[in-house]
Each structure stands twice: as C-alpha cells, then as structure tokens.
1. With an 8 Å Cα cut-off and a minimum separation of 6 or more residues, compute the relative contact order for segment 429-492 in percent.
2. Work out how much length N348 to H198 would gain on full extension: take 0.36 nm times their residue separation and subtract the Cα-Cα distance, in nm to one decimal.
3. Considering Cα pairs under 8 angstrom that are at least six residues apart, work out the relative contact order of the chain and quote it in whole percent.
4. Please calculate the 1.4 Å probe accessible area of E346, with all protein chains present, and give it to the nearest 10 Å².
5. Only one of the listed values, (1) 0.95; (2) 0.93; (3) 1.11, was derived from the coordinates as Rg/Rh (Cα atoms, Kirkwood Rh); which label is it?
6. Counting only the backbone N, which residues of segment 249-267 are under 15 Å from the spot 7 Å out from the Cα of K3 toward its beta-carbon?
7. Percent of alpha carbon pairs in segment 66-177 separated by more than 26 Å?
8. Roll a 1.4 Å probe over the protein chains and send me the accessible area per residue for segment 298-421 in Å².
Amino acid sequence: MAKKLPKVDVVIVGVGWAGGIIASELTKAGLNCVGLERGKSRKTEDYFMVHDELRYAMRYEMFQDLSKETISFRPNEKIRALPMRSYGSFLLGDGLGGAGVHWNGQTFRFLPYDFEIKSQTVDRYGKDKIPAGMTIQDWGITYDELEPYFDKFEKMAGISGEENPLGGKRSDKYPTPPMKVSPVMKMFADATKKMNYHPYIMPSANLSQNYKNPDGIERAACQYCGFCERFGCEYGAKADPVVTVLPVALKTGKFEIRTHSNVRRILYTGNKATGVMYIDVTTGEEIEQPADIVVLTSYVFNNARLLLMSGIGKPYEPATGKGVIGKNYAYQVEAAAAVGFFENKEFNLYAGAGSMAMTIDDFNGDNFDHTQYNFIHGASITYGQSGNRPIANNTVPPDTPGWGDAYKTASIKYANRNISVWAEGSCMPYQNHFLDLDPTYKDAFGDPLMRITFDFEDRDKQLVKFMGDKCGEILKQMGADTVVTYNEQGPYEITHYQSTHNTGGVIMGSSPDTSAVNSYLQMWDMENLFVVGASAFAHNGGYNPTGTVGALAYRAAEGIQKYSKAPGNLV
C-alpha cells in the first residue's frame, strides 16, 4: 500500500525550466510547493574542469537511461513500432534542471505568425493553401498577449541579444548586450546584407557580461570555452534552472525538491486532481503526494504519457481527428544546410559558445511571400560558432577517401577551413502524426512506453529543398571555394541526431474540442491540473523552443496564482 504524505498547495512534476519557473513564482507568492524530479540532483560544482567530450557528448552522461524507459517509434500506423534502444534523433534529459542544463542557450521568441498561423495563412493565401491532413490551428493566444512573459523570461535568464529586425515588437531591449562577433559571423552578416537580408546576432542564454537579474541572482560572463551543448556550465554563465530560478524558490523556504522520484500517475476524484503517485527509485517505495493543484512540467513525452496513463482527457484518434491528448506531435525540419570549404582562409573554430551565432529570418514564418511555394512557414538560417570539440568534428570534402593518408591530410587541412550554414525549419502537424501508449512495450515499472507515429511529409521536402539552396547561396557569397549543399529530405530517421525539439501532444487553444489546455495551460477537463512545456505547442516554429516555453511557463504561473485565490476555469 502506498505511503500517503501530508497535502501541499502545489505538486510540480519535473524540475527543469518549466518546473523551476513555476516553483519560483508560486513560492514567492506564498504557496507551499513540492517538486518531484525522477533524476539526481545537480549543482554547478559538478562541472568544474570537466571538459570531457567522451563522457558527456558521446556517452550521454546527462541523459535518460533508455534501458529503463524509452519511447517507441513508427513512421506510420501500418508498421509496428519498436523501442529506441540507443540515442539518435533527440536526447532526453534526466536529473535536476532537465534539458535546461545541457542546452546550447539559443533563446528565440516565436514569431507573431506562429500564434495565429491558421487564421493568418487563410487570410493571406486562402484556405486551399493548407493541404489535406495538415492540422494547424491558432494557439488561443497572440504574440502581443505573450510578449510581457517573453520579457520576464529574458530578464530572469539575462539573455544577451540585439533586436530581430523581422521579429515581433518588443516592450524593452535585451537585458545584456549581444555575444561577441567572430570573423566568420561577420562574413555571414556582410554576405547576407549584400543579398538584402537582415542579419542579427542570435539571442543567447550564454551571458555576454556579468549580470544580476531582478531576483538578485548574480552570474558570471561566458568564457567561450565551446562546451555548452550536452554539458553543464562550470561558470554558471549559461542560464539554467539550477543557477537561476531554483535558488529563488528554495530561498523562500516554501519549496522542497525530491529527486529520484518517478511520478507514475495523477490521482483524481471526479474532475479534480487530488495529487500524484510516485516511486522513490532508491527504495522502490510507492508514495502518494496529495495537493490542491497539480502541475505537469516534465518533458513533452512524459506530460502526454502521464495524462494517458492516468485516463485524463480524451485520447487523440487519428482516424477521425477527434480527441486531444497526443494530438499535433511535431518535430523540427533540419536537413537543409550547406558546408563551405576554404583553401586559403583559416579560422579559430575551436572557440565558441552554444549560441554564439548570426541569424536571418527573411525566410522564417510568413516573412516572405509563399504564393508560389508548396509549403507554409519556413526556417531561420544561421551560422553558429559553438566550438569544434576534438572528437565529433572532422569535416572533409565529399570526394575525400574514407581512410588512409589522403583522409588524414584532408582532415588536418580542413579542420579550421570549413564552415556550415544551416536552416532550423518549422514542422507542421498532420492528422497522422501523434503520440499514444504503446500496446506492447513497457518500462521498468510495467507501464506502457510512449509511442511516436511520425514521418516527414512532402511539405517538409519542399521546405528543405528551398532552404538548402538558400544556405548554399549564402556560402558562395561568403567566398567559399567549394560549397556542398544539402537540400534533400528523406524519411525521418530516429537513429540520426537532429535536435531535441519535440513539441505537441497536450496542445493549447481556445476550445476544448480542439485543444487540451487553455492559454494559461490549464486543462479544460480538470481545472486544478496545469500542463506546462513544449507539449502545449500546436506546431513547431523555425526556432529553438526554450524561449517560448519560458514565456508560457510565466503565464501559467500567473494563472495558477489566480486559480489558487479564486478556483474555476481561467478563460
């Protein structure tokens, strides 16, 4: 029989960016919160002088143990799904801070177009622009409504940046100046300006200077060591929950973090959540944590999985398009890129930071006329200098032999003579892309795995062709002697790393018929249950998702505070 603990005001499931923001805001407002994190604890000291590429980047030190829990995947419903046994397409974070510890720090705001994508597309191009099976919908909130929360996230994290000339209007400038501009970044900016594009320095959670945020948290500036992605930051320069929001919540004395606590079910009576049931993975003990309010802030897959396993919300039915839990799963379209090789120029590519980059948005969102193209939305195009670490970087021209003296010679010659320009493409939802529970495979506790049904569509192939060609044109303008363009999108491969930018499954909207949560990320079907994270995205944009996740988390925190004072549906 499960051990039952005393009730708290709020129980938070997953202590990453979303969970940390919720905890910080609610405890400052006087609510008593418990955060349940299934992984281990973390602190900045864990990463002092640990630039270990083999341990962290190649052997996945910071990620979920797939032998205990994974996902299963199939490209369509005709094929049996199989479990993901080793890491490839995306990396599932594990431990305090979640993916907010091992991210690169690229912090964008989704475009105004993203939040009203269906209505704006129909208004400009007509309803026939949306192909059969594409299930885009407006998010139930506008950019202008979300803008103050973007601003709050950026000031908390100390985002370093300059205004995007093609982005949404800002109420204030970034709290810190942009990152340094490397010689190659300047080449990209000069080339794209000559092409009449609008380059800007990528907004970065790697601090450009020392910073003290509105909560009094002080952090040091980035050292450009090149160890961001898949690593924790030894300087605390990269914003992550462990060095920003969690200390604020803990300082109030109203927040308790319980690590090694794997939540398996949401408990409820009627249409009210009563708490959660979790396993202490160090002892195997089953524990019930009662709460007045339950907030799911775990990763995309686990948010949807917990709802489905708990029987909350109507599961999505791909045959009819009815139901909402598991609906509109989307990923990222990232096959479009180009590599330029230089014979007489050499660059210091070993130095960098996770979001030391230059970007253009001329082909993102609806910033260009799509009338003649068989796709909507688009991609940001970027040159980034994140630091070429020694093991995973060995780019040579495509005609180079795969071994021997010629291979070694080319490897040495081009180690600092090649640069890549890539497109981060949006991903539209389709009726046949969804999440559900696998009927065959289970985790270490006997619970069904989350099953992904997804593949790239013709729209994605058209987008990759267009964006890949644009990347190649930019590199030619930058003066590359040889340009290799990647402009073909094949079937989705779960074995090949692309990005950890999974979205959807518990999407937001203006109606319970087409969405699972409202604009405060409050469940339509259970008013004291909030589901926060990229699971709320109704499609994926042409950017990294974290900035938008942060803004939505701040809005959700505001909604939870309102609900705690006056229970009921918030919209």
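The values are calculated or read from the model by the stated rules, or taken from the named source; none is laboratory data. Treat the numbers as computed from the prediction; the structure is a model and nothing was measured. Don't worry about glycine lacking a Cβ; one is built from the backbone with ideal geometry, like all the others, and counts go over all protein chains shown. The accessibility values were calculated without ligands, DNA or RNA, using every heavy atom of the protein model including side chains. Shrake-Rupley method; radii C 1.70, N 1.55, O 1.52, S 1.80 Å.
1. Working: 63 pairs, mean separation 18.6, N = 64.
Across segment 429-492, relative contact order equals 29 percent.
2. Fully extending the segment from N348 to H198 adds 51.5 nm.
3. On the way: 1440 pairs, mean separation 131.3, N = 571.
The normalised contact order for the chain reaches 23 percent.
4. Its heavy atoms expose roughly 120 Å² to the probe.
5. Computed from these coordinates, Rg/Rh (Cα atoms, Kirkwood Rh) corresponds to label (1).
6. Zone members listed by number: 258-262.
7. In whole percent, the share of Cα-Cα pairs in segment 66-177 beyond 26 Å is 50.
8. Working: 4770 Å² over 124 residues.
With the other protein chains kept in place, segment 298-421 gives 38 Å² per residue.
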